């Protein structure tokens with residue numbers, strides 16, 4: 001063969017398969033090949049192995065094929081070894097021998113006699129095809145252009161890949177795929193033949209070179225063949241044939257030799273094939289983030305197609321405004337992410353009371369696992385630049401999760417559900433169990449871990465949470481009040497004693513519920529916590545009013561309401577103290593609640609005092625009478641009631657206990673003094689001395705009872721001494737000397753109060769009485785602002801008008 005007529009050999013073979021040359025009938029007994037050195041003496045004796053069974057079948061075909069092969073070489077042609085693997089009989093992908101022919105090739109050239117010789121390798125069929133340079137699509141005649149054509153190595157798998165089960169770089173696809181790859185070897189110009197023994201050296205040198213762009217085949221495969229390639233996932237070859245089909249269509253349109261109907265049909269076919277390819281690409285991208293997906297193996301081909309189509313910048317045939325491939329990729333990622341979110345298990349409320357908490361936990365785990373898969377498995381498949389893979393997946397998960405939570409919010413949510421939702425948004429999602437996981441670093445940016453919800457959306461969730469909380473708290477308080485009425489009031493059950501105090505489980509339940517609400521809301525954020533404190537304070541104010549009204553209806557039927565009243569004084573004291581712990585969170589709301597609760601406590605205390613007044617009023621009215629001078633029964637009944645109350649008060653909690661004891665001390669003292677001022681009895685015939693002595697003893701006994709209770713109203717103690725001195729004074733004129741102490745300690749004493757005291761003493765008229773009253777006026781005038789004007793006592797006692805029965809020589813008018 002002449003030096004300028006050297007051809008090229010294309011070899012395609014599965015790694016690990018053994019390539020054997022067919023026997024050459026043109027070879028003589030001397031062992032010299034008639035094919036210019038393509039077969040040596042050593043190769044003549046090489047056994048065919050398991051291919052020996054096919055030898056006889058090929059004898060009729062090989063001679064004519066080799067004759068054509070010699071003729072092709074003489075014309076400057078090439079030898080191409082093609083392989084078709086993993087195809088079924090009759091589908092045009094494996095057993096069918098495809099020999100691209102020149103436009104002028106006749107049907108006789110494609111007859112069985114002209115079929116390219118083939119042999120079976122360990123993984124598929126190999127065919128030996130001879131094509132001339134004139135028949136090859138877009139091949140240059142220069143050696144440089146020929147050597148720069150795309151090529152894939154057909155050398156056996158390297159030892160490094162045998163044990164791992166993985167294909168080496170640039171190796172053919174796995175069995176079942178349809179990758180047409182070629183290896184082009186340049187024939188040395190100074191040699192008339194290329195021994196096959198040099199193939200391994202040539203392929204080894206070419207493997208060291210970087211992979212080059214694939215050549216677009218011409219003519220392209222049929223529409224059905226391309227569609228089958230797309231369905232089987234052989235996307236690279238399908239895309240190359242699509243490009244070839246597109247170029248062919250453009251050429252026919254430019255040539256003007258094809259009719260419009262035929263052009264329309266081909267354009268429609270091309271559009272359908274592109275749509276099918278897009279759908280396949282979207283499916284692969286959509287499923288690639290799944291942990292169990294097999295789409296990751298096809299992802300590199302998909303990415304090359306996307307980059308090439310984006311680089312071409314040409315519109316898709318048959319579409320006016322097509323979606324860009326990169327936009328399609330992002331939408332596919334979004335669809336895949338959305339599918340993974342929708343697949344998370346969600347129980348119904350009836351099946352699981354904690355349905356939402358469990359669902360959010362599963363949702364967070366799914367997001368984390370998928371992002372870990374993206375980082376560890378998908379990122380290596382993508383090029384270093386151009387896609388922003390991890391950031392795109394994070395954005396898509398943000399969007400999908402936000403939309404998913406919006407759907408959940410449309411349901412009827414309880415307080416625990418709203419709390420679980422808010423807590424997961426603020427703490428769970430950006431926390432270490434989801435977006436803030438160390439396993440996502442360093443790809444995960446700290447600015448991207450939070451769920452980017454709009455403030456209006458967050459406010460909507462918070463409002464829904466607070467409303468649900470308010471309704472639940474109101475219902476809980478109502479049920480607690482109903483339970484208290486059924487267990488305590490209706491059955492007359494006495495209150496329990498806990499730590500020496502009357503106790504009700506009601507306030508424990510109330511404080512526990514409120515503490516849970518406030519604590520949980522504080523874990524969300526301070527704003528929600530403040531809103532919850534305000535809501536609880538508002539509901540407690542309403543509850544206290546309702547509770548007082550309900551107990552008032554039951555109080556009349558209770559044998560001893562004092563125990564219950566003290567119990568509820570303690571209960572609301574505990575509630576008040578508990579709410580004061582949230583004063584820093586919401587000072588205004590807590591302060592207002594404290595005032596309202598103090599009013600409620602004082603109301604219970606007033607009811608307790610009214611009950612004591614009701615028990616002692618009749619006995620007080622019998623004091624300072626003629627019978628009283630000779631009997632102490634009524635006073636002892638009063639003392640007994642005070643002692644009973646004292647026993648109950650020991651079960652009352654501070655700080656209201658001190659206020660209540662002082663208040664009872666003040667009221668009992670006022671009730672006792674009021675009997676002296678009622679103008680119903682006047683001591684005659686020196687009975688005032690006996691009355692003063694009796695009063696002194698009773699006064700001391702009263703003070704002793706209140707001292708035992710711990711009264712701090714020491715300012716009331718001197719009053720009894722002053723009254724007893726005035727009433728028991730033997731000399732009327734000495735009374736004026738005792739008035740100064742009375743006015744100093746009790747500056748609110750008036751003329752009518754002193755007149756009533758003098759009336760009880762028996763001094764109902766005369767100049768001495770007028771002189772004493774005049775002295776009082778002088779003392780009050782000179783006292784000015786001195787004295788304890790902040791302590792009101794006499795001014796709180798109403799003195800009834802008195803009618804006196806004076807001597808016959810004048811009429812006694814009412815004292816003013």
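Read-outs: derived from the displayed coordinates by stated rules, not from any lab. Please read all numbers here as calculations on a predicted model, not as lab measurements. Cβ atoms come from the backbone with ideal geometry, glycine included; neighbour counts cover every protein chain shown.
General remarks:
- Once C-alpha pairs closer than 8 Å and six or more residues apart are averaged by separation and normalised to the residue number of segment 223-340, the relative contact order reads 28 percent.
- Pairwise centroid distance, computed over Cα atoms, of segment 653-725 with segment 236-290, Å: 112 Å
- Rounded if a/c under 1.5, otherwise prolate or oblate - segment 458-596, Cα gyration tensor axes: prolate
- Per-residue packing, averaged as other Cβ atoms within 10 Å, sorts the ranges 479-489, 242-252, 279-289, 445-455 into the order 279-289, 242-252, 479-489, 445-455, beginning with the highest.
- Global geometry of segment 676-796, whether rounded, prolate or oblate, following the gyration tensor of its Cα atoms and the 1.5 cut on a/c: oblate
- Counting other Cβ atoms within 10 Å as a rough exposure proxy, the listed residues 760, 387 run 387, 760 from fewest neighbours to most.
- Ranked by the mean number of other Cβ atoms within 10 Å per residue, highest first, peptides 565-576, 364-375 order as 565-576, 364-375.
- Gap separating the Cα centres of segment 402-426 and segment 562-582, nearest whole Å: 35 Å
- Across segment 404-458, the mean sequence separation of Cα contacts (distance under 8 Å, 6 or more residues apart), normalised by length, yields a relative contact order of 26 percent.
- Alpha-carbon centroids, segment 449-465 and segment 616-630: separation in whole Å: 72 Å
- Scoring 263-269, 724-730 by mean Cβ neighbours within 10 Å over their residues and listing the highest first yields 724-730, 263-269.
- Mean separation of Cα contacts under 8 Å, 6 or more apart, over the residue count of segment 458-596: relative contact order %: 32 percent
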